Amino acid sequence: MSRGWGRRGIAALAATTATLGGVVMTAGPAAAAPLGYDVNAKGSLFHIAQAVGAHDSYRAGFTGRGVGVALIDTGVTEVPGLDTGNVVDGPDLSFDSQDPELAHRDAYGHGTHLASIIAGRDVAGTPASYTDPSRFSGIAPDATLLDVKVGASDGAVDVTQVIAAIDWVVEHRNDNGMNIRVINLSYGTDSTQDTRVDPLSYAVEQAWKAGIVVVVAGGNDGSTNLNLANPAQDPYVLAVGAADTQGTLNAVDDTVPSWGTRGTNQRHVDVVAPGVSVTGLRVPSGYADERNPGARRGDRFAVASGTSQAAAVVSGEVALLLQEEPRLTPDQVKRQIMSTSTAFSSTTNQYRGNGLTNVRQAQVKSNNTSTQSAQFWSTGTGSVEAARGSSHVERDGVPLQGEVDVFGNAWDGRAWATASGRQTAWEGGRWRGVLFSGDGWDGSTWRTAEWTAVAWDGRQWRDADWSGRQWRDGSWTGISWNGRQWRDANWSGRQWRTADLAGAAWS
């Protein structure tokens, strides 16, 4: 993790520090038919759906149908459970996009795991059928899941790629009837730049203003640091921490794991959701799967812990809420989710915010929310280098740093903020005037394009080997890969060489 998809939130090439909201993969329940694990145990999505009131929502007829959730992450691989027609491939803005064998596919495993939590399903069925413990279902099994890939095969990503992805989602939110109302961003850097000028904060605020609820992982810092990941620290997102349900359905005995990022009285996570030993779909022979075999549960599943997983749970809950109440603004959704959460006494609001979410209570409570004051909106004109924090991708030892984007082009914050605010930062496949993606849809997949601009080190993109980068700041089943190089592993029959690009992490 250049700290990307990892400990504090998500990020990643050769990075030194950005992260996804939750990759602390941990041991979970051992086993029972028919799915290969105990569906009533802590961390199973069956148990989680009960704990957050989703089963009650299904019984009331709400499954997320008609609501789109954009997952900005490491991609989604079409494994069983994500192959029933509700996943759409948006643009691949990752370094992998330059390799046809990797474009749109999740060779890491993080994005696929989160996608399964949000909208996985073994079979498209009736609302009541999703309470059936014999088949796998995510929190909003009938929502449309838009995959926007920014993290490469090791999670590597620069903050400018994430900003570009958010811009794209805002401009294309209504393409093909997708109705994108939620962004799941289990990503963060350790930047402490003032949110009122920070470019990443500005990007998520433009999505918020456009009617999209941005759900962000609070981070897995686990230290005495009192800052949420960027952009979870922005007041105009729904910042999510992780809870340990202790295997019960009542929040009274819940706790917050020690690795959860602690905020301040002024800004902490808004709510928490189950994020310990969460059982989701795995990518067989993917980066994380190969390094952490102890996380596997049967042939299809793996367990993971982190605020990434908790954010995915909440993204699914928001989709359920918006199906029933599509007129709600993001401010109103945030108020509903927060005001119906249950506080617990094992810790303070600096760790748990308002407490454990309950989507059915949020749906049935009358809404008298007023719009938040706009006095703290970001201008977006701050430093893009400051937005990276200590998260820098590298290529042959050359870090991407300074006031430049991923192509090494000068960053003009004022010009970008103006275009982003007008929803014109993208023109076809060009972002800020540079070819970044394909132009248009091929069925349910947005086209890729060969990058013609040179990289920040002055070399052509096709000259690079995008494999073997490092993943930092996370662990699966208690096994840390901090500072270790992943070498000579296979994914889908492809051999990975030790590469010149190390990686950041997703939380």
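Return the residues of segment 13-55 that are of a type in the set (V, I, T), surrounded by 24 or more Cβ atoms within 10 Å (Cβ to Cβ), at pLDDT 90 or above and in a loop (DSSP other than H, G, I, E, B); say none if nothing qualifies. Of everything in segment 13-55, just one residue is of a type in the set (V, I, T), surrounded by 24 or more Cβ atoms within 10 Å (Cβ to Cβ), at pLDDT 90 or above and in a loop (DSSP other than H, G, I, E, B), namely V52. For segment 56-70, a tally of residues being out of contact with any Leu (no Cβ under 7 Å at 6 or more places or on another chain) and either at pLDDT below 95 or open to solvent by 10 Å² or more (accessible area, probe 1.4 Å) (or both) returns 6. From the list S437, S420, the one residue that fits, being surrounded by 16 or more Cβ atoms within 10 Å (Cβ to Cβ), within 23 Å of D96 (Cα to Cα), under 25 Å from the mean Cα position of the chain (by Cα) and of a type in the set (S, T, N, Q), is S437. Taken over segment 230-254, residues that are at pLDDT below 90, in a loop (DSSP other than H, G, I, E, B) and hydrophobic (A, V, I, L, M, F, W, C) amount to 1. Per the conditions (1) within 18 Å of G306 (Cα to Cα); (2) at pLDDT below 95, the sole criterion not satisfied by S134 is (1).
Whether any residue in segment 132-155 is of a type in the set (S, T, N, Q), more than 22 Å from T445 (Cβ to Cβ) and surrounded by fewer than 24 Cβ atoms within 10 Å (Cβ to Cβ) is what I want to check. Yes, because at least one residue in segment 132-155 is of a type in the set (S, T, N, Q), more than 22 Å from T445 (Cβ to Cβ) and surrounded by fewer than 24 Cβ atoms within 10 Å (Cβ to Cβ). Scanning segment 87-103 for residues being of a type outside the set (D, E), open to solvent by less than 20 Å² (accessible area, probe 1.4 Å) and not in a helix (DSSP H, G or I) gives a total of 6. Take D106 and decide whether it is within 20 Å of V313 (Cβ to Cβ), in contact with a helix residue (DSSP H, G or I) (Cβ under 6 Å, 6 or more places away or on another chain) and surrounded by fewer than 24 Cβ atoms within 10 Å (Cβ to Cβ). No. Looking only at segment 446-453, decide whether some residue is open to solvent by less than 20 Å² (accessible area, probe 1.4 Å), assigned to a loop (DSSP other than H, G, I, E, B), hydroxyl-bearing (S, T, Y) and in contact with a strand residue (DSSP E or B) (Cβ under 8 Å, 6 or more places away or on another chain). No, the conditions are met nowhere in segment 446-453. Out of T77, T84, one residue alone is at pLDDT 95 or above, farther than 20 Å from N176 by Cα, assigned to a loop (DSSP other than H, G, I, E, B) and among the hydroxyl-bearing types (S, T, Y). It is T77. Condition first: of a type in the set (A, V, I, L, M, F, W, C), crowded, with 24+ Cβ neighbours inside 10 Å and either in a strand (DSSP E or B) or touching a Gly at 6+ places or on another chain (Cβ under 8 Å) (or both). Now tell me which residues in segment 181-203 satisfy that. Across segment 181-203, the qualifying residues are V182, I183, L185, A203.
Scanning segment 308-339 for residues that are among the hydroxyl-bearing types (S, T, Y) and under 16 Å from G280 (Cβ atoms) returns S308, S315. Just name the residue that is farthest from S315 (Cα to Cα) out of those in segment 212-221 that are in a loop (DSSP other than H, G, I, E, B) and in contact with a Lys or Arg (Cβ under 7 Å, 6 or more places away or on another chain). Checked segment 212-221; the qualifying residue farthest from S315 (Cα to Cα) is D221.
Could you tell me which residue of segment 405-417 is nearest to D167 (Cα to Cα), considering only residues that are of a type in the set (G, A, S) and open to solvent by less than 30 Å² (accessible area, probe 1.4 Å)? Per the criteria, the residue is A417. Residues of segment 193-203 include none that is within 30 Å of L35 (Cβ to Cβ) and in contact with a Phe, Trp or Tyr (Cβ under 8 Å, 6 or more places away or on another chain). Of the residues examined, A302 is one that is part of a strand (DSSP E or B), among the aliphatic types (A, V, I, L, M), within 18 Å of the chain's Cα centre (by Cα) and more than 18 Å from T245 (Cα to Cα).
The values are calculated or read from the model by the stated rules, or taken from the named source; none is laboratory data. Please read all numbers here as calculations on a predicted model, not as lab measurements. A quick note on method: Cβ atoms are made from the backbone with ideal geometry, for glycine too, and the neighbour counts reach across all protein chains shown. These area figures cover heavy atoms from the full protein model, side chains too; ligands, DNA and RNA do not enter into them. Shrake-Rupley method; radii C 1.70, N 1.55, O 1.52, S 1.80 Å.
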